[in-house]
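Working notes, beginning with the structure itself.
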Number of protein chains: 2
Amino acid sequence: MHIICPREELQKGVSIVSKAVSNKTTMPILECILIQTKEGRILMTANDMELGIETEIHGIIEDNGRIAIDAKIFSEIVRRLPDNDISIETDGTDSVKIQCEKINFTIPGKNADEFTFLPEVERLNCVTLSQFTLKEIIRQTIFSISDNENNKMMAGELLEINGNNLRIVSLDGHRISIRKIVLKDSYDSIKVVVPGKTLNEVSKIISGGTDDEVRLYFTENHVMFEFDDTIVVSRLIEGEYFRIDQMLNSDYDTKLTVNKKEMLSCIDRTTMLIKDSDKKPIIIGITDHSMEVKLNSAYGSMKEELAIDKRGKDILIGFNPKFLIDALRVIDDEMINIYMINPKAPCFIRNDEGTYIYLILPVNFNVY
Amino acid sequence: MHIICPREELQKGVSIVSKAVSNKTTMPILECILIQTKEGRILMTANDMELGIETEIHGIIEDNGRIAIDAKIFSEIVRRLPDNDISIETDGTDSVKIQCEKINFTIPGKNADEFTFLPEVERLNCVTLSQFTLKEIIRQTIFSISDNENNKMMAGELLEINGNNLRIVSLDGHRISIRKIVLKDSYDSIKVVVPGKTLNEVSKIISGGTDDEVRLYFTENHVMFEFDDTIVVSRLIEGEYFRIDQMLNSDYDTKLTVNKKEMLSCIDRTTMLIKDSDKKPIIIGITDHSMEVKLNSAYGSMKEELAIDKRGKDILIGFNPKFLIDALRVIDDEMINIYMINPKAPCFIRNDEGTYIYLILPVNFNVY
């Protein structure tokens, strides 16, 4: 193989596919990036067996072929070479010559035959989204997945399509995050659980432009994201997702409306009195027109009052402040509605249109 | 005590004195910031017994007094409060009320009597420098101190004043860094060894403006830096510094002139083929008009050629690339002169004016 590419192209390619390079592995080939020529194109690929990414880079093919190169060293070299054309060349052996201006590197490569290629995903059942929308709904829900060893399902997010409705759901046993969007087109029903890691990496790679598209393809065991010059293929999590609809509830005894930014700043301030290991709840007391937020810990105590609009009963309820913060951070509305029933029942933050629902379980607390 | 200060003032004060708060200590009082009123001023102080910092903050004194507060919690609170006036109040007990708008914190304080106050340094022997100059000479030498347990002297820098000449020196057994500057005024001779940690922290606090002054005062065991609203008092390292003048040498067999930026980029590129634990030297081959830089490691090999001007003999010499990088990074000249004698003798990077000298010991290497 012999290719010549601008440094910029190599750098872009490396930064995209590196997301699927294994960090912890006993198989050195999983730490490699595959570079290959294929039908007049230059492709870079990485695959950690759960997640695979392939992207096209632009350059000149002098000689067809393929080689696997340690991702870390290759990325370091590309990063520090001058901004000029870079030649990558293999001879019959597994060593790779990388050359730019008067600089010559020779590094060991690996036989490309050892590399596990991406599974073929047929381009059927294509769902089209804007990159902006996909990036947003991931950001707005990804924080409530859980890497609970006992329940693999919690490490993924439910992606559910019915007609032109898309719903994305994550939950960790203490809270549920739901976002709904309306798609441009209608599709057959789809219900899959995508690993959180995949969604995280995809959301880092896509530009997030409103005019840029991402196309999703589904097979029984895989999902493929296709955008720009890149495809991302990931395993799906097998099994049936939690029945969340029966956990949702529109009854309430207390409804309050509060300025989101004020409430977020207030709760954020409480957290400095809590160390990580410590599970101190904040206590929220709702009376007419006022929300009193209190926290007491070994490091001190804090009390703050916020103005609110209230309907229904007064209530005194405890929360893990982190769960409130996570939800409030990803809501864009200036004013938000919070619904409560009693200090033992889930609390809901949701809008009237139902485009977002954040369910948070309260925690027990001692009155002080 | 009761004071009211704008948040900005508190934040500025905390960020300055925090540099002298102990991170690792079994004495909780060393993790505190002392706040006190003194002769109509509000002072914040921290002291880790090696280094003490005191700074004035501006605000209103409602009631005189003093209290020690855990630096970490206090700084978190100040950081997250709204940008408004903050009231800090103690009653007879050791608890502290911090209040801003509708937000109330109560945190435990510590009795100020436990606090170790800064040693008094008489304002004699004042040496005046611009903050810019002090910051620069620290940056240009601090990298070659060493925290060698067997030789405390290496953890400091020699500060030597003769007439209107100031010389600052650091060394770690493999290299020596020297900067000389001419002061505006003449002073009595001074020769002290200042802990590297002190210089590091001072250089972080000072703004580095060319019009801002810093005044240095010396006693037998202490140095005090005074600038803006702040004083930094530090112990000196006791004992006699290394006799460096006898290590310096102006003989050479090879003199070369090279573009600094090109040489730095080149050597920087070699380091990606070296892991931290690995002590691979780079090999530099000097011939007429050309410097060839080579490195061979388990991760690959690299070769690069640079154009140079050369006088004297050809030479093949090995270096720890980090030492060259450290020196080259802090030299501002576009073209630099490097002087060598043989592959076993120290190499010197210096200018004709003698304002900087970087001595670097070569290392053994196997020719490949």
Magnitude of the Cβ-charge dipole (Lys and Arg +1, Asp and Glu -1) of the protein assembly as shown about the Cα centre, nearest 20 debye, reported as 900
Checked against the positive end of the charge dipole of the protein assembly as shown (+1 on Cβ of Lys and Arg, -1 on Cβ of Asp and Glu, about the Cα centre), the farthest of B:ILE336, B:GLN36, B:THR210 is B:GLN36
Answer in debye to the nearest 20: the dipole magnitude of the stretch B:105-202 about its Cα centre, from +1 Lys/Arg and -1 Asp/Glu charges placed on Cβ, is 460
Residues A:ARG41, A:ARG179 in order from fewest to most other beta-carbon atoms within 10 Å are A:ARG41, A:ARG179
Per-residue average of other protein chain Cβ atoms inside 10 Å, peptide A:256-269 -> 1
With x for Gly and Pro, the residue-by-residue ³J(HN,Hα) of the stretch B:234-246, computed from phi through the Karplus equation 6.51 cos²θ - 1.76 cosθ + 1.60 at θ = phi - 60° and given in whole Hz, is 9, 4, 8, 7, 7, x, 9, 6, 4, 7, 7, 4, 6
Inter-copy distances for B:ASP332, nm, shortest first, label points 7 Å along Cα→Cβ, are 4.8
In the stretch B:229-313, the GluC sites (Glu not before Pro) that sit in a DSSP loop and have at most 13 other Cβ atoms within 10 Å of their own Cβ are B:GLU238, B:GLU240
Shape descriptors of the stretch A:164-314 over alpha-carbon atoms, Rg and Dmax in angstrom, are 21.0, 56
Shape call for the stretch A:248-360, from the Cα gyration tensor axes a ≥ b ≥ c (a/c under 1.5 means rounded, otherwise prolate when a/b beats b/c, else oblate), comes out prolate
Placing +1 on each Lys and Arg Cβ and -1 on each Asp and Glu Cβ in chain B, then taking the dipole about the Cα centre, the residue among B:SER15, B:GLY109, B:THR90 whose Cα reaches farthest towards the positive end is B:SER15
To the nearest 10 degrees, the tilt of helix A:196-205 (Cα long axis) against the first principal axis of the alpha carbons of chain A is 60
GNM of chain A, Cα pairs under 10 angstrom: of A:LEU273, A:LEU158, A:LEU129, the biggest fluctuation goes to A:LEU273
Those trypsin sites (Lys or Arg not before Pro) from the stretch B:231-314 that are DSSP loop and have at most 15 other Cβ neighbours within 10 Å turn out to be B:ARG243, B:LYS275, B:LYS279, B:LYS313
Rg from C-alpha atoms of chain B, normalised by the globular rule of thumb 2.2 N^0.38 Å, equals 1.21
Distances in nm between the label point of A:LEU124 (7 Å along Cα→Cβ) and its equivalents in the other copies, shortest first, are 9.4
For A:ASN364, the net charge from surrounding residues (Cβ-Cβ under 13 Å; K, R +1; D, E -1) works out to +3
Output field shielding_mean for B:298-308 (other chain Cβ, 10 Å radius) holds 5
Per-residue Cβ contact counts at 10 Å, fewest first, order B:PHE74, A:PHE348, A:PHE117 as A:PHE117, A:PHE348, B:PHE74
Rounded to the nearest 10 degrees, the helix A:71-80 long axis (Cα) sits at an angle to the longest Cα principal axis of chain A of 80
Taking Cα atoms only, helix A:260-270 is inclined relative to the longest principal axis of chain A by an angle, in degrees rounded to 10, of 90
So for the stretch B:302-349, using the alpha carbon gyration tensor with a ≥ b ≥ c as root eigenvalues (a/c under 1.5 gives rounded; past that, a/b versus b/c decides prolate or oblate), I'd call it rounded
The residues A:LYS180, A:LYS204, sorted from fewest to most surrounding Cβ atoms within 10 Å, come out as A:LYS204, A:LYS180
Surrounding charge for B:GLY52, neighbours by C-beta under 13 angstrom, Lys/Arg +1, Asp/Glu -1, total -3
Dividing the helical contributions, -39500 (n - 2.57) per DSSP H run of n ≥ 4, by the residues of chain B yields a 222 nm value, nearest 500 deg cm²/dmol, of -5000 deg cm²/dmol
For B:ASP211 and B:ASP268, extending 7 Å from Cα along the Cα-Cβ vector and measuring point to point gives, in nm, a value of 3.3
The pairs in B:LYS38/B:LYS135; B:LYS110/B:LYS197; A:LYS261/B:LYS102; A:LYS184/A:LYS255; A:LYS197/A:LYS294; A:LYS24/B:LYS72 lying past 24 Å Cα-Cα in this model are B:LYS38/B:LYS135; B:LYS110/B:LYS197; A:LYS184/A:LYS255; A:LYS197/A:LYS294; A:LYS24/B:LYS72
For the protein assembly as shown, shape from the Cα gyration tensor axes a ≥ b ≥ c, cut at a/c of 1.5 then a/b versus b/c, turns out oblate
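Bear in mind these aren't lab numbers, they're just calculated from the coordinates by the rules spelled out. These numbers come from a predicted model, not from an experiment. Neighbour counts are summed over all protein chains in view; Cβ atoms, including those assigned to glycine, are modelled from backbone coordinates with ideal geometry.
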